[in-house]
Amino acid sequence: MKTKRSDNRQWLDTSSTGWCGPAVSRREALRRGFLGAAGLLLAERLGDAARADEAPPAGQPGPAKARAVIQVFLWGGMSHTDTWDPKPDAGYDYTGSLKNAIPTNVTGIQLGELFPGLAKQADKFSLIRSMTHRNNGHETAAYLMQTGHLPGERLAYPSIGAVFALLKGYSVGYQGLIPPYVVLTQPQGRFSEAGFLGSKYKPFATGGDPNASRFEVEGVIARGITDARQTARRDLLHKLNTFGSALPDNPQLALAAAAEQQAYDLILGKGREVFDISKETPALRDRYGRHTFGQECLAARRLVEAGVPYVTINYPGGWDTHSNHFATMQRQGPQLDQGLAGLLQDLSERGLLDSTIVWCCGEFGRTPKVDWQPPWNGGRNHYGNVFSVLVAGGGFKGGRVVGATDAKGEEVKERPVYPIDLLGSIYELAGIDANAKLPHPMGLDAHVLAPGEAGAKSAGRLKEIM
Amino acid sequence: MLTLLRPAARSGATGVPRAFVRPATALWLVLTVSRAALGDGAAAEPAANIFESTACTTPVSPLDKIVGRRLAKLGIQPACCSDAVFVRRAFLDVIGTLPTAEETRAFLQDQAPHKRQALVDRLLDRPEFADYWAMKWGDLLRIKAEFPVNLWPNAAQAYHHWVRTALRDNQPYDQFVRALLTSNGSNFRVGPVNFYRALQNRTPEGIATAVALTFMGSRAELWPTNTLSGMASFFEQLSYKPTREWKEEIVFWDPDKELAPAGSNAPLPAATNSAVRPAASAAAPAPPARHAAAFPDGARLKRLPPGRDPREVFADWLITPRNPWFTANIVNRIWSWLLGRGIVHEPDDIRPDNPPSNPELLAYLQQELVASRYDLKHIYRLILTSRTYQVTARNPKPQAPSGAALFAFYPLRRLEAEVLIDAINKVTGASDLYTSAIPEPFTFIPENKPAIALPDGSITSPFLELFGRPARATGMENERVNRPVPAQWMHLLNSSHIQRKLEGNRRLKELLKTRPQPQAVIEELYLTILARLPTAAEVQTIEAYTKSGVVKSWEVWTDLSWALINSDEFLYRH
């Protein structure tokens, strides 16, 4: 029984060879004489996609240095003073048990004692030690750090990854097999990454564990189902899925069929090989560290190699160390160190670091003064006044420090850096105009960043390291 | 052949009007249906016969006449849906829940002439009605503990409980809106005050914008500035203040409130006194408003009446049978929720240059709402028992471009995220566990609670996120997106989440124990998943699959369930 589904697919197929969705713009549909009622309906249905796809990146800045971004997000907020802005002289009430700083391969830059791996790579990255937004709420601060917009507007802006999915992905004919915005492995779920751009721009969250014997990417690699069975049951589905024959030329079903086809391109096609970490040598896997975070870093490199423009690693574990702080740091710090150092070294050795931005931070830092009172018993609390960010590659210089904090790491001493400055710099290196208009569902004036926004502070982009 | 024609002829003879059915079509359909019923049909029947009904037994209502007149002018003859389509559609549309195989079978076998009406009545009384529509209202009223509205779990629960109770009790709509607009008190205890709490922008203009959107179906962003500031004046004396309870706030009328400068986006300062000011102290004259208070229709007030909460003055203007915004908004929304498209479309974009596609229809529903004293279930019933609602999903005249806007067919819509996961769980005997670790205290939802009953938009799952559950940030209808994206198909086709449910299918295991004959299993799976019986051709396809040698015995059944769950017929309302 031939199904209508495959008939409908023909014209969609001609233009959608990659992960671009049914890449038929309204204009294109009309040009092909697709003028029937169904066609108009489809064009209308494609409306939001088409609007997004046609958004002109107004006034492109200079040529892009960065082709891809890997963001390591330290959810919960990592202490800055125990890590990348050590204050060994601040006294035990501030340092707790992590009182040592170690030298790096760049004279004058010191790191906290948990980061010997990064210390050997310090020439490859720079540290912003004066990041500030003074917001101490997880959700609002995370929103601020990943959108650059102040929380509290009527509509939620998209995260930087979703903006990349739009302006470096779908709107420029991205043809990759894998969606342009990937999250390893779990979405953070505290704010909508796609914002008002809608579900198409949500990240593809892999699920699974790249450190397991098989990285079972949710929806791509299914446990216990052979390729023969995959093919056979797809065939069964297509034979039984006769609904379309009752509704010839239904535009919704045509869209569904196109989406299904693209899913199968990944399930049975070449896309899944990108996630096959077992193709890497054991020695390299060891260097990244045989733990979830280390292997996530390795998976991120494979995704970037495959052309994915934006990868976010949501650190597998939290940094919200109100209590049990020092034990958590002792456990997670070395893994963060090993994975990040392994990533920077590997990207550099493969010549990918010049075109790949790596940035790593949480939504805020943690109180420099340890809270020894119960129930915290030696914990650190939320601290948005100042904290540290690591940036590398894609046009960011290495071996530098931007800004400084006071003797105890409590306030910015020089050169504040606001979220808009950090994100604006990343956009600039990626060739994205920060003033570009975003397609807003109600046609309101919305831009990638809005330095003029009421209360949005800026102290300028990070020209000193670009 | 004559005998086969009898049922249709009889339905004509009973005097049931047969508008919507062309005689020629009816004849052809009867022939094919009957052939299938007789088991004569290795050949594939045209699929239409499963979905369309030969005889429309639903009486023509005044509503149908209004819709029918416009369609007749265009020469459009809609077709009536079959009983199998209707039972599934009614369950999904009224209670957001699939019928069980038993419920479907009982409905299909029921010979009563008015069984569709009776089903609608039963569904309107089910507890899932309150769950499902509280979910819908939760989107519009932004019931969410977390970012961006930051209600906090206690308030989200109180808000949802109040809304669900109102819907369960079919509280008259005028009272429902008045409570949301004029309540005072703790947002942990007085559910409806959270209408003012669940806002990102708590300036008078921000509040007015939300009120206009929610209860007038109007987007104040498109208004002249003066209109918005005039309406905002009614919300200038609204205050919020914290209590000793973590994150609790009192929302109250504060006649002495200091006003932030006009145009400021900052939240207004909270009152400093420790108790809610009794209304008596309102004898003091109200401070001058920043703008003259004016209703959105242009009527101005010289000054707000002293001693009266201006929100009540506004509610008096809004909530009256004479205010077309008020009645049009709600009947148009209900219409669009049930028929997939507003008479004014988008349903929350009512404005003069976006006229209703059928003004007479809108007016009729508005009159019915007022005449029934704002009985929302009366409007549901009017729509659900009409022929207009019971047409098929097939566009009867694709060349007529306005068919969709005039409701010539029932438009396909993918099941909403919550409805879809509930349906998958129901047909596989599985459940999902919903928790929310943010903010503390963590929220754990008892297993077996369906997703449509989740009170708080912050309680979510990767599945709900992926399938377009709205962020509940804006209260706009288009925030919920049911557009297909490939990642959704990857999840349905190939995720461990779905595969685990299929492989652990307790219902299927029971079934195989009690009725192991393949034919019976196929029939039960079709009734359970698609709410209809399989055709002969489908049975043949499945038998061929069992003999293909690719899969073993149990896998045949998981793969069949998998295929049905991934079929368009399952994924869409139709």
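Readers should treat all values here as calculations from the given coordinates under stated rules, not as data from a laboratory. Here the structure is a predicted model, which means the values were calculated and not measured. Heads up, the Cβs are rebuilt from the backbone with ideal geometry, glycines too, and the neighbour counts pull from every protein chain shown.
Structure above, values below:
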item	result
Cα-based helix-to-principal-axis angle, B:2-13 vs chain B, degrees rounded to 10	30
Over chain B: helical MRE at 222 nm, DSSP H runs n ≥ 4 each giving -39500 (n - 2.57), nearest 500	-14000 deg cm²/dmol
In the stretch B:435-542, the chymotrypsin sites (Phe, Trp or Tyr not before Pro) that fall in loop regions by DSSP, at most 11 other Cβ within 10 Å	B:F442
Low-density loop positions, trypsin sites (Lys or Arg not before Pro), the stretch B:542-574 - DSSP coil, at most 11 other Cβ in 10 Å	B:K547, B:K552
Cα-based convex hull volume of chain A per residue, rounded to whole Å³	153
Shielding of A:211-224 by partner chains, average beta-carbon count, 10 Å	4
Value of Rg to Rh for the stretch A:119-195 (Rh from inverse mean 1/r over Cα pairs, i.e. Kirkwood)	1.04
Computed over chain B: relative contact order in percent, which uses C-alpha pairs under 8 Å that are six or more apart	18
Summed side-chain charge close to B:E248 - residues other than B:E248 whose Cβ falls under 14 Å, Lys, Arg +1, Asp, Glu -1	+3
Distance cut-off 25 Å, percentage of C-alpha pairs in the stretch A:349-466 lying past it	38
Percent RCO, i.e. relative contact order, over chain A, from Cα pairs under 8 Å lying at least 6 residues apart	29
Alpha-carbon Debye profile of the stretch B:339-413, log10 I(q)/I(0) at 0.26 Å⁻¹	-1.33
Using alpha-carbon coordinates, inclination of helix A:292-305 to the longest axis of chain A, degrees	50
Net charge dipole size for chain A [Lys, Arg +1 and Asp, Glu -1 on Cβ; Debye, nearest 20]	820
Shape metrics for the stretch A:280-331, restricted to C-alpha atoms - Rg then Dmax, Å	13.9, 41
Ranked packing of A:214-224, B:88-98, most packed first, by mean Cβ within 10 Å	B:88-98, A:214-224
Gyration tensor over alpha-carbon atoms, the stretch B:86-232, equivalent ellipsoid semi-axes in Å	37, 17, 13
For the stretch A:396-466 and the stretch B:156-201, distance of Cα centres in Å	40
Shielding by partners - mean other protein chain Cβ count within 10 Å, residues of A:123-134	0
Cysteines not pairable in chain B (beta carbon separation under 4.7 Å absent)	B:C81
Rg/Rh (Cα only; Kirkwood hydrodynamic radius) as it applies to the protein assembly as shown	0.98
Whole-number percent relative contact order across the stretch B:80-124, with pairs defined as alpha carbons under 8 Å at least 6 apart	44
Crossing angle, helix B:83-95 versus chain B [Cα axis fit, 0-90 degrees, rounded to tens]	20
Per-residue mean of C-beta atoms belonging to partner chains within 10 Å, peptide B:471-483	5
Reduced Cα scattering model of chain B, Debye log10 I(q)/I(0), q = 0.07, 0.08, 0.09 Å⁻¹	-0.48, -0.61, -0.76
